[in-house]
């Protein structure tokens with residue numbers, strides 16, 4: 001079960017470095033051949049299917065889910081929720097499980113949206129979540145589709161250099177590079193469009209990866225609005241995670257990826273650290289975004 005303790009990422013890292021055959025695991029720790037459980041806290045455990053081409057919920061996703069359990073109050077559950085980039089649908093399903101009645105979940109991938117809908121049916125006897133194939137807000141209606149809370153885990157890595165794009169094209173694989181790369185471009189689009197989809201007192205909780213160069217991104221955003229942007233930002237909490245390669249194909253070019261990260265740190269302020277054994281750690285930062293006129297409480 002993923003998320004059973006605060007260092008579940010460590011289990012995943014160990015398994016990725018030295019995986020054990022399924023038969024060697026105690027029966028209670030086994031995952032089924034096509035599914036697994038994710039635990040967020042307060043007894044909220046979700047069953048999820050595992051399918052090629054769709055990420056399993058990540059340590060960052062587990063952290064965002066736990067944050068929702070800590071911060072969403074009963075009165076908030078009466079509002080409208082939007083989960084952008086829902087992937088397997090875990091966070092949208094979690095919101096429903098804690099009592100949210102109006103939940104929309106979107107993803108650019110039709111495969112992900114279909115799996116997320118299956119996962120809702122796996123956990124509930126009926127379908128209540130509205131699933132939409134959408135590139136950020138493109139599948140929603142401007143003006144009429146406004147939300148009290150929007151959650152978003154954008155891709156954590158920046159736009160790859162031409163050299164790295166060639167490497168990624170050469171190795172291909174079952175995961176599209178857009179699932180992890182181009183986070184800088186996607187985040188900027190999200191921030192530009194977000195005010196049109198928030199209710200006046202609404203907020204977005206965005207999970208930022210320090211490899212994207214958070215300071216430079218926010219500086220660029222403010223500069224585009226002449227120092228008076230329509231959004232304001234507050235750090236809610238921060239976690240440190242090790243770098244995990246979610247694709248065997250990406251593991252094969254780990255040295256090229258590390259060289260790319262070094263370029264990002266030099267030119268874009270990407271933040272990470274490397275320990276004495278060569279393990280890279282990055283910062284996962286949950287940021288509250290509200291309209292600039294709002295007062296934080």
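The values are calculated or read from the model by the stated rules, or taken from the named source; none is laboratory data. These figures come from a predicted structure and were not determined experimentally. Quick reminder, even Gly has a Cβ in these numbers, built from the backbone with ideal geometry, and neighbours come from all protein chains shown.
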Worksheet item: With (1) part of a helix (DSSP H, G or I); (2) surrounded by 14 or more Cβ atoms within 10 Å (Cβ to Cβ) as the list, and residue 170 as the residue in question, which single condition is left unmet?
Response: (2)
Worksheet, complete the sentence: Residue hits (segment 178-188; closer than 21 Å to residue 248 by Cβ and buried (at least 19 other Cβ atoms within 10 Å of the Cβ)) are 179, 180, 181
Discussion item. Looking at 189, 199, can you tell me which residue is under 12 Å from residue 155 (Cβ atoms) and either in contact (Cβ under 8 Å) with a residue 40 or more places away in the chain or outside any helix (DSSP H, G or I) (or both)?
Written reply: 189
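Quick one: would you say residue 198 is touching a strand residue (DSSP E or B) at 6+ places or on another chain (Cβ under 7 Å), under 20 Å from residue 280 (Cα atoms), at pLDDT 95 or above and surrounded by 22 or more Cβ atoms within 10 Å (Cβ to Cβ)?
Criteria not met by residue 198.
Could you please let me know if residue 49 is surrounded by fewer than 21 Cβ atoms within 10 Å (Cβ to Cβ), touching a residue at least 24 places away in the same chain (Cβ under 8 Å), over 26 Å from residue 147 (Cβ atoms) and touching a strand residue (DSSP E or B) at 6+ places or on another chain (Cβ under 6 Å)?
yes
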Worksheet, complete the sentence: The residue that is farthest from residue 176 (Cα to Cα), considering only those in segment 52-103 that are in a strand (DSSP E or B) and free of Cβ contacts under 8 Å to residues at least 40 places away in the same chain, is 102
Discussion item. Tell me which strands (runs of 3 or more DSSP E) are completely within segment 212-297 and hold 1 or more residues being without any contact (Cβ under 8 Å) to a residue 12 or more places away in the chain and out of contact with any helix residue (DSSP H, G or I) (no Cβ under 9 Å at 6 or more places or on another chain), or say none if there are none.
Written reply: 272-274
Practice prompt. For segment 119-136, name all the residues that are part of a loop (DSSP other than H, G, I, E, B) and either closer than 16 Å to residue 95 by Cβ or touching a helix residue (DSSP H, G or I) at 6+ places or on another chain (Cβ under 8 Å) (or both).
Written response: 124, 126, 127, 128, 129, 136
